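Nothing in this text is a laboratory measurement; each read-out follows from the coordinates by a stated rule. Note that this is a predicted model, so its numbers are computed, not measured. Ideal geometry is used to build each Cβ from the backbone, glycine not excepted, and the neighbour counts take in all protein chains shown.
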Amino acid sequence: MQKQAIFQAKLLPYALVAPQLAIVLIFFYWPAAQAVIQSFLLQDAFGLSTSFIWFDNYIELFQDPAYYEAIVRTFFFSFAIAVSSLSFALLLAVMADKPLRGSMLYRTLLIWPYAVAPPVVGVLWIFMLHPSLGVLSRYLRGMGVDWNPLLDGDQAAALIILAAAWKQISYNFLFFLAGLQAIPKSVFEAAAIDGARPMRRFWTVTFPLLSPTIFFLLVVNIVYAFFDTFGIIDTMTRGGPGTSTVTLVYKVYTDGLLGGNLGSSAAQSVILMVMVIVLTGIQFRFVERKVTY
Amino acid sequence: MANVTLRNVRKTYPGGFEAIKGVNVDVADGQFCVLVGPSGCGKSTLLRMVAGLETVSGGEIDIGGRVVNQVEPADRDIAMVFQNYALYPHMSVFNNMAYGLRNRGMKEAEVKTRVDEAARVLELTPMLERKPRQLSGGQRQRVAMGRAIVRQPKVFLFDEPLSNLDAKLRIAMRVEIRKLQRRLSTTSIYVTHDQLEAMTLADILVVMNGGQVEQFGNPLAIYEKPATTFVASFIGAPPMNLMSMRADEIKSQIGNSGDAGILGIRPEDFVITDQTPAGGVALPLTVEAIERVGAETFIYGSRKQDEQRIAANPGELPPGEVIVRIPGSEAPPIGQKIRVAAVRAKLHLFSDDGRTRIEA
């Protein structure tokens, strides 16, 4: 079997890949290169004077306590979002995997939230939990909770985590369900005959057999929490109150576009780029090789 | 050690499909019972009901004097070997076998003794630390067996355990399973669609069709006196020749008076001869195909349509064809006209619908 097509003309293959290459170059490599160059420059707010300052943007960044706070906050958010959405999605998937009537219907319904765009998710949740408009806020206050995420930073953070995790549940659910269905039913039956009660069966058979899926989703969720929560944060809290919901990505936006410090913003982008590369590297390395049972 | 009794066991699926239509089977303590039948006859469903993996819609399943209809699989004191082995892929061979023991809170020293003993019997000792994916099909099969025997259960259940193995290994494992069962003398129920496996393994054979038991008993007794045409054509390879006959044909050919019926003759009960034995039957045939398998030869012949008609029930011979089995490899050439005959004692006569055997 010949696996490669043979082109007679020398130019045709290049012409065929050119559109894709052009898109990648213009929309990925060019901005990335711009960010790297920009991160070495100091520019005034009006763009009238530019000077080359080597690593001063980076040095300044790592001497800024606010940046460390953002790093810690981002990691905390990622961890909280990943763990809560993964565990809830796994619970739903285990339930939905049971042969019950109407399973197609609720499986479909559980997947829908993934079709909602992040800013819309933010709007939905803020409608429900807005201190003066929200339906749920009423109940929370009725239960004696002093609910005001517009003033309380911790509550704002909880709100972001809740909305971001909720959005990701569908995606995780889909992968968990597929993962569960890939395990032969007879393995569970063998475990049942072997005297393992449902909880023990879950922790000793289901969970280990799902570990490749879990690891894959963990990385995907962390990347999601790092980068795709921008829309949710921007619609819900705009980083506030104060800076209590400013993540690394949101800080790129506020420092650069709102604060006018393009050099620092670019340096932050470059650091984020490195983080993505590392995460993707880990994923490729482990998902493809290590995590097999 | 326990007997297994099924009393009028039924299974109806929510859609209304009746998979098991009232089955009565009695397996005595230490017996090896084989459930055999074509795909979809309900034999696996029945086994899974005994295991507790399927609910029972009606009747009673009794293991060792206790009705277990509502008992969890874990508490029925059974062990099951699955068709795809169902090994835990993330556990080593040792842990696969130890899992069921640890779940029951057995002390680790005792677990090790039992697993080591099972591994020794099954020649798995060098592989105890390996994962299932590092084993061959036959080795996985033995691990599945090991997982069943370490538990020392009252009953072994086998769900087509050999069907994923190649032909040679299947025969070897068949003998192993039989020897092991004899040695442990644990009551066993074994499901297969392979009639040869069924014949060779069973103390008691249960032939199933369409959710019902067609016949059960000693395998040789079933072979010699099949109760229905289904059993007659299912047990034995090549299958019994079955021919529909009118009442007057039965009267003239074999001297039985009565209604129209189906005459059955096993391929090996024919001999090539010009004589017609007293009370027996003879058929003129034209040789159409020859299969030589070494020790024996199968002759596929056709009969003239007007002499006798052959039943065209599903699973039986196509009309006009008769299979004759003769020892050795000498056979008449294709196209030759021959005459075969069978003695009276080797004739099987069934009612016209094939549901009852008529003692000729």
- Under a Gaussian network model of chain B whose springs join Cα atoms within less than 10 Å, the largest fluctuation of B:P126, B:P239, B:P267 belongs to B:P126
- Hey, rough spin-label estimate for B:E291 and B:E72, points 7 angstrom out along Cα→Cβ, what's it come to in nanometres? 5.0
- The long-range amide H neighbours of B:V81, using H built 1.01 Å from N in the peptide plane and a cut-off of under 5 Å, are B:L157, B:F158, B:D159
- Item | Residues of the stretch B:11-44 with amide N under 16 Å of a point placed 7 Å along Cα→Cβ from A:R101 | B:13-17
- Item | Efficiency of FRET between B:D353 and B:R182 - r from beta-carbon atoms, R0 30 angstrom, step 0.05 | 0.15
- Task: Please return the longest stretch of chain B lacking exposed loop sites, where GluC sites (Glu not before Pro) count only if DSSP places them in a loop and at most 16 other Cβ atoms lie within 10 Å.
- Result: B:130-306
- Could you check what % of the DSSP bridge pairs in the protein assembly as shown are antiparallel, to the nearest 5? 75
- Item | Cleavage-rule hits (chymotrypsin sites (Phe, Trp or Tyr not before Pro)) in the stretch A:48-117: DSSP loop, at most 16 neighbouring Cβ within 10 angstrom | A:W54, A:F55
- Item | chain A: calculated mean residue ellipticity at 222 nm from DSSP helix runs of at least 4, using -39500 (n - 2.57) | -20500 deg cm²/dmol
- Here the residues of the stretch A:84-123 lying in the modelled label zone of A:F76, meaning backbone nitrogen under 19 Å from a point 7 Å along Cα-to-Cβ, are A:84-85
- Reachable lysines from B:K346, Cα under 25 Å, same-chain residues fewer than 8 places away excluded? B:K225, B:K251, B:K304, B:K337
- Message: What value in Å³ per residue do you get for the convex hull of the alpha-carbon atoms in the stretch A:82-182?
- Response: 118
- By a straight-distance test (C-alpha under 19 Å), which aspartates and glutamates pair with B:K168 as possible cross-link partners, with residues fewer than eight away in the same chain excluded? B:E123, B:E160, B:E176, B:D194, B:E197
- Item | Calculated FRET efficiency for the pair A:S87/A:Y114, C-beta based, R₀ 25 Å, to 0.05 | 0.90
- Query: On full extension of the chain, what length is gained from A:A182 through A:V145, given 0.36 nm per residue of separation minus the C-alpha to C-alpha distance?
  - Reply: 8.9 nm
- From DSSP H assignment alone, runs of 4+ in chain B each adding -39500 (n - 2.57), the sum over residues rounded to the nearest 500 puts [θ] at 222 nm at -7500 deg cm²/dmol
- Using unit Cβ charges (K, R positive; D, E negative) and no other charged atoms, how large, in debye to the nearest 20, is the dipole of chain A about its Cα centre? 1360
- Note on the structure: Output for the stretch B:55-107: trypsin sites (Lys or Arg not before Pro) sitting in coil per DSSP, at most 16 other Cβ within 10 Å, listed by number, reads B:R104, B:K107
- Task: Show which lysines lie in cross-link reach of A:K185 when reach means a straight Cα distance below 17 angstrom and same-chain residues fewer than eight apart are skipped.
- Result: A:K98
- Note on the structure: Expected max-MSF residue from B:I63, B:I338, B:I222 in the GNM of chain B (alpha carbon, under 10 Å) is B:I338
- What's the FRET efficiency of A:V135 with A:V17 using the Cβ-Cβ distance as r and R₀ = 41 Å, to the nearest 0.05? 0.20
- Item | GNM result for chain B, Cα springs below 10 Å: residue of B:V121, B:V50, B:V81 fluctuating most strongly | B:V121
- Query: Going through the DSSP H helices of chain A, which span 18 Å or more along their own axis at the Cα atoms while scoring at least -0.5 as a mean Kyte-Doolittle hydropathy?
  - Reply: A:12-24, A:65-96, A:153-182, A:207-223, A:262-285
- Note on the structure: So B:Q134 and B:I334, fully extended at 0.36 nm per residue minus their Cα-Cα distance, gain in nm 66.9 nm
- Query: Sorted by packing (mean other beta-carbon atoms within 10 Å per residue), highest first, where do A:11-21, B:6-16 land?
  - Reply: B:6-16, A:11-21
- Query: To the nearest whole number, what is the average tally of beta carbon atoms from other chains within 10 Å of the beta carbons of peptide B:70-81?
  - Reply: 3
- Could you give the longest part of chain A that holds none of the trypsin sites (Lys or Arg not before Pro) found in DSSP loops with at most 15 neighbouring Cβ atoms within 10 Å? A:102-237
- Note on the structure: Pseudo-spin-label distance A:F46 to A:F202, built 7 Å along Cα→Cβ, given in nm, is 6.4
- Within the protein assembly as shown: Cβ-based charge dipole about Cα centre, in debye rounded to nearest 20 (Lys, Arg +1; Asp, Glu -1): 780
- Query: How high is the relative contact order of chain B, in percent, with contacts defined as C-alpha pairs under 8 Å that are six or more residues apart?
  - Reply: 16
